[in-house]
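Got a structure for you, questions after.
The values are calculated or read from the model by the stated rules, or taken from the named source; none is laboratory data. Source: prediction; values computed, not measured. All Cβ positions, even for glycine, are placed from backbone atoms using ideal geometry, and neighbour counts span all protein chains on display.
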Amino acid sequence: MKFIQLIFIFLLSIFMNTTFAAVKTGNNVPEFTLLDSNGIKISLLEFKGKTIILEWTNHGCPFVAKHYSSGNMQNTQKNAKEFGAVWISIISSAPGTQGYVTNEEANNLTKSRNAQPDHVLFDKEGAIGRLYDAKTTPHMYIIDAEGVLKYQGAIDDAGGKGFMSKDLSKANNYVLNALNEIINSKEVKDHTTKPYGCSVKYKS
Amino acid sequence: MKFRTIIKKLNILIAICVSYFSTVHSYEYQDAGESSVSIIAESKTFEAGDDLLVGLSFKLNPGWHTYWENPGDAGEGASIIWTLPDGIKASKILWPGPERIPVEPLMTFGYEDEVVLLTQISSNKNIDFPLKLSAKISWFTCKDICIPQEAEVDIEINKGEKNLNKNAVSLKRVLNTLSKPFPYEYRLEKLDKNYFLQFQFEEPENITNSFFFPKDYGVLNYSKIQNLEKNNLSVSLELPVAEVQSDHKRLKGVLYIEEGDNVNYYEINTPLINEPQKELNQSIGILTAIIFAFIGGLILNVMPCVFPILSIKILSFIKQSGGSRQKLAQHGLIFSTGVLFTFFLIAGLLLAIKSTGESIGWGYQLQSPVVVSILIYLFTAIGIVFMTNLTIGSQLAQLGGITKNSSDLSSSFFTGMLAVIVASPCTAPFMGSALGLALLQPGFSSISIFAGLGLGFSAPYLILSFNPSLLQALPKPGEWMETLKQFMAFPMWASAIWLLWVLSGQVEILSVILVLLGALLISLGLWLLERNQLTSGYKKRIVQACVLALLGLSLWFIPTEYQNNNKDSYMNQNYYSPEKVAALREENKSIFLNFTADWCITCKVNEAVALSRQNIQDTLKEKDITYLKADWTKKDSVIASKLAEYGRTGVPLYLLFSKGQEPIILPEILTEDLLMNYLKEVPK
């Protein structure tokens, strides 16, 4: 019996190795629970059956700021909602770093920017960000109704040199493309792209 | 925000004014926050058709950084948009080598304090002077937070001969720090999960630090440590792969090599290896391997070491043929269990030894003179048991099981074990490489191959035990069985002789004689037992004590260590010896000499990617080049001194003797093409 247990633990440890690393597109995403800006516990499992969009954000990051000041992020949110998707913004900034906000500040930001996230979640320990290997703000993930990761990477192709002077409305929006493909039961063509932006301000 | 814009505009105005009114003051830093930028040129004058080196010089406040062309996990490199008069062209940005700037847990690539991004300006004959070169620059300056910055700078160039100023010196210096083509051989290998960049280098021990900066996203992990392994003339840099992979055909980037104060960046561009195909081949390979293992197990039954034992066991069946079918089937199953158990036991032991870092294969057990000697005793003893009417007591139930008409089920288990043990010397030469492959497989495949072997091995016996009617084809029990049993002693002793030959390759001749003497003592002991089978009381005790003493003495004769002899050099035709090289050179023959060792990764990779290729093998044959292998896996003073002769303290070392001439030393890292080029030079 002991022996069988040992074998089981051994096999488990082999599989665990892969889940500790970043999530690969096409694999099931790990479940998590975080507090939102209204102090309510939100877990990913609640949204099973719906398409979920995760947006890593930091309002002080110039990349994020440009996406919001140009209205591009709000526009993407609005379109995503029309697809019936749930939009979750996640802040992994540690206390004392750029982007870290209180509940009230987070709600004010949503209101003042006219943003439409369903939830703004706090990940001040950075555990969920590291679990998903979120590197930049913005960094986008799309999870389908079965909990499979369908897209990860940049919001659009505007990244690269000279980002600040680009017209974002002319950019190729990877998130909306992927949503479109998911709704039409097509394979997501650009399923993994290079995220661009500021580094996530993780707790060190 | 507005205030800054006004300042910026004022700055531009001032810059334009200054450059317009003054010919001495050629440039102005544009302050735009935590960093500033200026434009410098190697000369303020040049002629139409000339090239001009221009740089954008960034000065950053302490603690702030800006980015390389691949910024790493976050950030963005600078963008420069030129506004140029007709007939003037600007090259892409020439990026100096970056440094690593960690932002835990992420990693970025960029520059701190200051950096000059170079641009080569070219012109045609039809240009109007004075020229104005203006650049609009946008970049990010980051510490823990990021600030986007923008600036416009320009410089006026007049007609005249090039007059290199002091900026030219600093631009030249920057030019020298750009990445250069890598002057040595390099290649990329994928072992396990990670890539390894292997390259030659003049004096690897001087390398104090090295790092590979990839240009593309989705190939390598940026933040993990890249382990550096320095060999004699080559270096291996481990490149951890990215968690999220993008499609890339090639690995492109810049290799940073630091030798004390001397820092260099080298351009690297090499194909990435595709894996999935390999995996496919392997899975097909394992299935075939299992089938072959089963067939191999079947064949083992007729090997001289195993055949006698199994045939005697079958004889006991004939005697029992009156017994119940159920009992026979039980014996068959238990025998098979014993066989499988022993195969797994041996495989498990080998895997355990392998996991301690020893590189071994099947047949490893025969590399030990102790194991070989014990097997010699065992074969001798079994032969004598066959020859005589000896029935050995219950202490040696496993031997008893062979001859006794035993109904004890445990004897069948032990017969199975014994059969595998006596089969092991036969498996080594015939199936060594196949089972060696099994040991290289990950756990499950390895076990499947051994299971296939065990099942094949016990199949004939198992079939007979379930279908005793098959036995009716054999003659009725009688005198012939005793004759056959005695005859079977000869293949046993023949196997012992073969093992003695193996032993003679490992130890001195005197030790071989001692083992023969030990076999004699064991024979004496068995004879004593046989003569006194019917005695009892104190007499029997004395006999038993004598037999034990004889056994002890014979065990004491067993050599425990390798002894110096040159025999094993002759066991393998390809084995290197200085005499062999001398003799071949005397005959004006060409030689390829490979100094290698099992523990040398570079050697093994070279052998896999170059030496063992069919093309190379064919060429060696065609050009009549003798391949010799000097194996340094075990300590060997002859090989060590030879290596020292060529200024080496380790392997690999490849020597090519063309028609008896002095050897050429080949590079430490071989590729098929490279090796082929050397071999082509050798005359037929």
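Answer with yes or no whether A:Gly160 is of a type in the set (Gly, Ala, Ser), within 14 Å of another protein chain (Cβ to nearest Cβ) and in contact (Cβ under 8 Å) with a residue 60 or more places away in the chain.
No; evaluated as a whole, the condition is false for this residue.
Could you count how many residues in the range B:70-85 are within 12 Å of another protein chain (Cβ to nearest Cβ) and more than 17 Å from A:Thr136 (Cα to Cα)?
4
For the range A:142-157, state whether one or more residues are closer than 30 Å to B:Ile137 by Cβ and without any contact (Cβ under 8 Å) to a residue 40 or more places away in the chain.
Yes - at least one qualifying residue is present in the range A:142-157.
Of all residues being assigned to a helix (DSSP H, G or I) and charged (D, E, K, R) in the range A:60-114, which is surrounded by the most Cβ atoms within 10 Å (Cβ to Cβ)? Just the residue, please.
The qualifying residue surrounded by the most Cβ atoms within 10 Å (Cβ to Cβ) is A:Lys66.
Right, something else. Taking into account only those residues within the range B:506-539 that are touching a residue at least 60 places away in the same chain (Cβ under 8 Å) and more than 16 Å from B:Thr560 (Cβ to Cβ), which is nearest to the chain's Cα centre (by Cα)?
Out of the qualifying residues, it is B:Ala519.
OK, next. Among the residues of the range B:422-475, which ones are of a type in the set (A, V, I, L, M, F, W, C), modelled with pLDDT of 65 or more and surrounded by 18 or more Cβ atoms within 10 Å (Cβ to Cβ)?
B:Val422, B:Ala423, B:Ile449, B:Phe450, B:Ala451, B:Leu453, B:Leu455, B:Phe457, B:Leu462, B:Leu464
Moving to a separate point now. Among the residues in the range A:17-24, are any more than 14 Å from chain B (Cβ to nearest Cβ) and hydroxyl-bearing (Ser, Thr, Tyr)?
No, the range A:17-24 contains no residue that is more than 14 Å from chain B (Cβ to nearest Cβ) and hydroxyl-bearing (Ser, Thr, Tyr).
I've got another one for you. Given (1) touching a residue at least 24 places away in the same chain (Cβ under 8 Å); (2) within 20 Å of A:Asp123 (Cβ to Cβ); (3) more than 14 Å from chain B (Cβ to nearest Cβ), identify the lone condition not met by A:Ser43.
(1)
Being assigned to a helix (DSSP H, G or I) and surrounded by fewer than 14 Cβ atoms within 10 Å (Cβ to Cβ) is the requirement here; does B:Ile522 meet it?
No: the conditions fail for B:Ile522.
Okay, next question. Of the conditions (1) within 22 Å of the chain's Cα centre (by Cα); (2) exposed (fewer than 13 other Cβ atoms within 10 Å of the Cβ); (3) of a type outside the set (S, T, N, Q); (4) at pLDDT 85 or above, B:Glu622 satisfies every one except a single condition; which number is it?
Going through (1) within 22 Å of the chain's Cα centre (by Cα); (2) exposed (fewer than 13 other Cβ atoms within 10 Å of the Cβ); (3) of a type outside the set (S, T, N, Q); (4) at pLDDT 85 or above one by one, B:Glu622 breaks only (1).
Then there's this: Hey, could you check the range B:266-302 for residues that are buried (at least 17 other Cβ atoms within 10 Å of the Cβ), modelled with pLDDT under 80 and not small (Gly, Ala, Ser) and say which is nearest to the chain's Cα centre (by Cα)?
B:Ile286
Would you say B:Asp144 is in contact with a Lys or Arg (Cβ under 9 Å, 6 or more places away or on another chain), assigned by TED's automatic domain parsing to the domain that holds B:Gly110, closer than 30 Å to B:Ile81 by Cβ and outside any strand (DSSP E or B)?
Answer is yes for this residue.
Since B:Lys143 meets every condition but one in (1) more than 14 Å from chain A (Cβ to nearest Cβ); (2) more than 30 Å from B:Lys230 (Cα to Cα); (3) surrounded by fewer than 20 Cβ atoms within 10 Å (Cβ to Cβ), which condition does it not meet?
(1)
Go through the range A:139-157 and give me each residue that's part of a loop (DSSP other than H, G, I, E, B) and more than 11 Å from every other protein chain (Cβ to nearest Cβ).
A:Asp144, A:Ala145, A:Glu146, A:Gly147, A:Ile155, A:Asp157
Here is a follow-up. Identify all residues within the range B:94-129 that are aliphatic (A, V, I, L, M) and closer than 21 Å to B:Ser79 by Cβ; write none if there are none.
Answer for the range B:94-129, where residues must be aliphatic (A, V, I, L, M) and closer than 21 Å to B:Ser79 by Cβ: B:Leu94, B:Ile101, B:Val115, B:Val116, B:Leu117, B:Leu118, B:Ile121.
Next question. Tally up the residues in the range A:169-190 that are within 14 Å of another protein chain (Cβ to nearest Cβ), out of contact with any helix residue (DSSP H, G or I) (no Cβ under 6 Å at 6 or more places or on another chain) and either buried (at least 20 other Cβ atoms within 10 Å of the Cβ) or closer than 24 Å to A:Gly71 by Cβ (or both), please.
Result for the range A:169-190: 1.
Out of the residues in the range B:554-596 meeting the condition of being over 26 Å from B:Asp624 (Cβ atoms), at pLDDT below 85 and in a loop (DSSP other than H, G, I, E, B), tell me which one is nearest to the chain's Cα centre (by Cα).
The residue in question is B:Tyr562.
On to the next question. A:Lys24 versus (1) under 23 Å from B:Ile147 (Cα atoms); (2) over 13 Å from the mean Cα position of the chain (by Cα); (3) not in a helix (DSSP H, G or I): which is the lone unmet condition?
(1)
The rows are residues; the columns are (1) on the phi < 0 side of the Ramachandran plot; (2) away from chain A (no Cβ under 14 Å); (3) crowded, with 17+ Cβ neighbours inside 10 Å.
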site	(1), (2), (3)
B:Ile225	yes, yes, no
B:Pro240	yes, no, no
B:Ser246	yes, no, no
B:Arg250	yes, yes, no
B:Tyr256	yes, yes, yes
B:Asp261	yes, yes, no
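Something else about it: Does B:Ser170 satisfy being touching a residue at least 24 places away in the same chain (Cβ under 8 Å) and not assigned by TED's automatic domain parsing to the domain that holds B:Lys44?
Criteria met by B:Ser170.
Answer yes or no: is there a residue in the range B:152-171 that is outside any helix (DSSP H, G or I) and within 14 Å of chain A (Cβ to nearest Cβ).
Yes, because at least one residue in the range B:152-171 is outside any helix (DSSP H, G or I) and within 14 Å of chain A (Cβ to nearest Cβ).
Here's a follow-up. For B:Ile127, are the conditions met, namely being hydrophobic (A, V, I, L, M, F, W, C) and assigned to a strand (DSSP E or B)?
So B:Ile127 does not fit the description; no.
For the range B:98-114, how many residues meet the condition of being within 19 Å of B:Leu255 (Cβ to Cβ) and either within 12 Å of chain A (Cβ to nearest Cβ) or surrounded by 21 or more Cβ atoms within 10 Å (Cβ to Cβ) (or both)?
7
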